[in-house]
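Contents: one structure, followed by commentary.
All of the numbers you see were taken from the coordinates with simple rules; none came from a lab. Computed from a predicted structure; not experimentally measured. All Cβ positions, even for glycine, are placed from backbone atoms using ideal geometry, and neighbour counts span all protein chains on display.
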Amino acid sequence: MQANTDLLARRERLLGRGMSTFYTDPVHLVRGSGVWLWDADGRKYLDCYNNVPHVGHCHPAVVEAICRQASLLNTHTRYLHEGILGYVERLTATFDPSLSTAIMTCTGSEANDIALRMAQAVTGRTGVIATDHTYHGNTTAVSQLSTRMPPVGGFGGHVRHVPAPDSARPLGGAPGTAFTARVEQAIADLEATTHGFSAFILCPYFANEGFPDLPPGFLDGAIAAVRKAGGVVIADEVQPGFGRTGSHFWGHQRAGFMPDIVTLGKPMANGHPVGAVVTTPDTLNAFRKAFRYFNTFGGNPVSCAAALVVLDVLRDENLMENARAVGDYARHGLERLAARHDLIGMVRGTGLFFGAELMLDRTARTPAPDHATRLINGMKDRGILMGKIGVGECTTKIRPPMPFSRDNADLMLEVLDDALATL
Ligand code: PMP
């Protein structure tokens, strides 16, 4: 405890005030393996939260690939190298054939920043539509989209927010109709300005918005409206990508729409900082013509080796299927808990990305954010790490590394039952 107080004081002195931490009493982690983490006192935690170590913390194949390439060569992409080419070939093979080119970056924020400029290069316009309560990253341009961290001075005149779909509190009418109407209205609004309408950016899973369960075709009307107006669809796959939802490798494939630009990050190289923008050759070439672009670290051989081996491990360990099977199993377990705990108002999600929305009143659907905070802290005290998210900040975010097993799920559910009972 004293050690944590000292670390917190050093963080504030060295890294500045207001850096966010998880949990009221933050965890000081020193080691990870698979789905497990250990703190400085040797205490073991089950990681039900981290999507970045996608194939498991410190996966030996990833560690080996990084070490091997780091001991051979690491340099930038102005030299020719097989690594980036081999990786982009493997990566783009997972998409629709039209999405056959990529730019490699170091973060998801950079990827989204480039995506906005690609949309500008293609359309000649700058107006962007995003969902409210979203998060797409931290560059100046991209932070303009993120209502969770409002930019200093407010949003630019080129941004319009539409309400994120919320399956606990749907807008009414046939599914998707009200959402489409809001997108159409935002397009018309932007077209009446000098910005014009350039792009609609969305996470196909609405992950940061609380991953609503949406019926098939929910987004069809909105996507059609974007196309009709000559706009570009950007799918931010930073969260649902790489097989996490269990049914599809990409969130947009699951949601049933075809993006023009796809952005990637977090799980891509198991914690090594790698992101990418995947698009059509025409869009990429329009971007390269309109903007000079070079990224010193993006696409370096070590990053590409790490990213490539993640694709290998996903395939060799059958992890997308594991996400489907264990995800189903764990979600059904959560539904059983809902029958015993009134606080669980709704269970949502798919694959290894699911959670329970906590409500004070199921009929009125009153969000229970304080209970959610207490719950995730109580789980941490019992050795299980999870988070909370969503429009009401009251949905548990369960998004473990992909090798998460049924035994892991059983442990999580057992502890959750206990933590809910003592709330
Ligand atoms: N898009 C989404 C949907 C995200 O959740 C995040 C990060 N949480 C980002 C983009 C930004 O990625 P990064 O932190 O790598 O810049």
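So the values come out like this:
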| quantity | calculated |
| --- | --- |
| Packing-based exposure ordering (other Cβ within 10 Å, fewest first) of Asp166, Asp220, Asp361 | Asp361, Asp220, Asp166 |
| Relative packing of 266-275, 38-47, which averages over residues the other C-beta atoms within 10 Å, highest first | 266-275, 38-47 |
| Per-residue [θ]222 nm for the chain (sum of -39500 (n - 2.57) over DSSP H runs n ≥ 4, rounded to 500) | -12000 deg cm²/dmol |
| Positive-pole candidate from Ala102, Pro165, Phe206, dipole of segment 101-247, charges at beta carbon | Ala102 |
| Taking Leu85, Leu411 and counting other C-beta atoms within 10 Å, the order from fewest to most | Leu85, Leu411 |
| Difference of contour (0.36 nm per residue) and Cα-Cα distance, Thr140 to Cys58 | 26.3 nm |
| Label zone at Ser247 (point 7 Å along Cα-to-Cβ), backbone N below 20 Å, segment 195-216 | 202-216 |
| By average C-beta atoms within 10 angstrom, highest first, the peptides 323-331, 4-12 | 323-331, 4-12 |
| Over segment 61-316, relative contact order from alpha-carbon pairs under 8 Å, at least 6 apart, % | 31 |
| Per-peptide average of other Cβ atoms within 10 Å, ordering 16-29, 60-73, 302-315 highest first | 302-315, 60-73, 16-29 |
| Total charge dipole magnitude, segment 266-423, about the Cα centre, Cβ charges on Lys, Arg, Asp, Glu only, Debye to nearest 20 | 640 |
| Three-way shape label, segment 150-277, alpha-carbon gyration tensor, a/c 1.5 | oblate |
| Debye log10 I(q)/I(0) at q = 0.07, 0.08, 0.12 Å⁻¹ for the chain, Cα point scatterers | -0.34, -0.44, -1.04 |
| Within a Gaussian network of the chain (alpha carbon springs, distance under 10 Å), most fluctuating of Phe206, Phe249, Phe291 | Phe291 |
| Residue (of Val391, Phe294, Pro267) at the positive-pole extreme of the chain, dipole from beta-carbon charges | Phe294 |
| Förster radius 22 Å - calculated FRET efficiency between Tyr329 and Ala421 (Cβ-Cβ, nearest 0.05) | 0.50 |
| Unit charges on C-beta of K, R, D, E only; dipole of segment 61-316, Debye | 400 |
| Gain upon complete extension [Arg78, Val152; 0.36 nm per residue less C-alpha separation] | 23.0 nm |
| Formal net charge of residues neighbouring Trp38 (Cβ-Cβ distance under 10 Å; K, R +1; D, E -1) | +1 |
| Positive-end extreme of charge dipole, the chain - chosen from Thr373, His76, Tyr329 (charges on Cβ) | His76 |
| Segment 195-342, relative contact order in percent, only Cα pairs under 8 angstrom and at least six apart counted | 21 |
| Estimated distance in nm for a label pair at Ala339 and Ser71, the labels positioned 7 Å out from Cα along Cα-to-Cβ | 5.5 |
| Segment 53-111, dipole about Cα centre (Lys/Arg Cβ +1, Asp/Glu Cβ -1), debye to the nearest 20 | 140 |
| Segment 1-79, relative contact order in percent, only Cα pairs under 8 angstrom and at least six apart counted | 17 |
| Antiparallel bridges, percent of DSSP beta bridges restricted to the chain (to nearest 5) | 65 |
| Gain on full stretching of the segment that runs from Phe297 to Asn285 - 0.36 nm per residue minus C-alpha separation | 2.2 nm |
